[in-house]
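The structure under discussion appears below in the form of structure tokens.
The values are calculated or read from the model by the stated rules, or taken from the named source; none is laboratory data. Computed from a predicted structure; not experimentally measured. Positions of Cβ are generated from backbone atoms using ideal geometry, with glycine treated the same way; all protein chains shown enter the neighbour counts.
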């Protein structure tokens with residue numbers, strides 16, 4: 001009765017029958033074979049493969065979480081790092097406060113910044129700091145709001161729900177899963193059916209996000225992961241090269257960092273090129289000079305373009 005057009009009506013019936021088959025058979029892999037999904041026992045859990053219909057009993061794959069990142073070794077602004085640690089400590093110590101004011105014991109964080117600025121490493125460091133489980137939710141693999149609800153409600157306490165690259169997730173695809181559906185579940189049943197839960201969204205483009213994601217009560221703290229600065233560089237030099245004091249190239253590198261946009265990941269990659277501090281730091285100087293020239297050339301091109309437009 002959805003349509004009087006036979007093609008449209010029969011097409012809808014085919015979709016319904018396929019969905020019912022998936023419900024009966026359980027999850028399927030890319031070749032259409034039924035696959036089992038292990039119940040989560042350890043820390044890092046994620047949905048895998050092509051879009052699947054989740055089983056009603058076991059909905060997460062379990063992977064041992066062994067990421068070595070810590071807040072102490074993370075190359076980010078020291079004041080921001082301390083603010084994050086203080087916020088986490090305040091959150092886990094205020095169970096009675098949340099109960100008293102009638103709020104769910106949850107906390108939301110938005111991590112935003114350019115690629116390579118250690119957003120994923122910060123998630124791992126937060127999980128290691130709190131000793132929380134991490135649930136890595138890949139929305140592109142979920143086609144039905146009922147599956148999303150089942151996934152979220154099967155999460156344990158003392159856990160972090162991570163949705164990375166939220167600006168790239170396909171909310172506009174023609175399926176039943178919508179942004180409003182995700183937010184309604186998080187605000188409703190998910191919040192009231194567990195304790196000590198954190199949700200983290202990450203994005204490379206904060207300006208592209210729907211304002212509904214950013215309203216107070218959903219994202220409690222915005223964390224901007226910036227390009228590498230002198231403080232972050234010194235921490236990386238200590239971690240990778242064992243330099244805990246002064247090096248004759250530090251002054252030049254710090255000056256270049258002030259004028260160059262380079263991510264902590266790029267700096268770390270360069271420092272891994274050699275265990276010899278002189279060699280590694282010389283390579284970093286070359287990289288920063290090249291990035292600076294690249295930026296200067298781009299700026300010069302923009303200036304010439306503006307002059308042409310005015311002329």
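For every residue, the table says whether it meets (1) modelled with pLDDT under 90; (2) surrounded by fewer than 22 Cβ atoms within 10 Å (Cβ to Cβ); (3) not in a loop (DSSP other than H, G, I, E, B).
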position: 104; (1), (2), (3): yes, yes, no
position: 111; (1), (2), (3): no, no, yes
position: 116; (1), (2), (3): no, yes, no
position: 120; (1), (2), (3): no, yes, yes
position: 134; (1), (2), (3): no, no, yes
position: 140; (1), (2), (3): yes, yes, yes
position: 143; (1), (2), (3): yes, yes, no
position: 146; (1), (2), (3): yes, yes, yes
position: 149; (1), (2), (3): yes, yes, yes
Among (1) under 18 Å from residue 122 (Cβ atoms); (2) out of contact with any strand residue (DSSP E or B) (no Cβ under 8 Å at 6 or more places or on another chain), the one test that residue 261 misses: (1)
Hits in region 200-257 - residues which are touching a strand residue (DSSP E or B) at 6+ places or on another chain (Cβ under 9 Å), crowded, with 16+ Cβ neighbours inside 10 Å and in a helix (DSSP H, G or I): 206, 213
Test: residue 165 is in a loop (DSSP other than H, G, I, E, B), crowded, with 16+ Cβ neighbours inside 10 Å and either in contact with a helix residue (DSSP H, G or I) (Cβ under 7 Å, 6 or more places away or on another chain) or assigned by TED's automatic domain parsing to the domain that holds residue 212 (or both): yes
Lone qualifier among 82, 89 - being assigned by TED's automatic domain parsing to the domain that holds residue 186, surrounded by fewer than 15 Cβ atoms within 10 Å (Cβ to Cβ), closer than 17 Å to residue 225 by Cβ and modelled with pLDDT of 90 or more: 82
Lone qualifier among 262, 267 - being part of a helix (DSSP H, G or I), in the same structural domain as residue 291 (by TED's automatic domain parsing) and touching a helix residue (DSSP H, G or I) at 6+ places or on another chain (Cβ under 6 Å): 267
Selection status of residue 187, outside the structural domain of residue 284 (by TED's automatic domain parsing), surrounded by fewer than 18 Cβ atoms within 10 Å (Cβ to Cβ) and part of a helix (DSSP H, G or I): yes
Test set (1) within 22 Å of residue 86 (Cα to Cα); (2) free of Cβ contacts under 8 Å to residues at least 40 places away in the same chain - residue 259 fails condition number: (1)
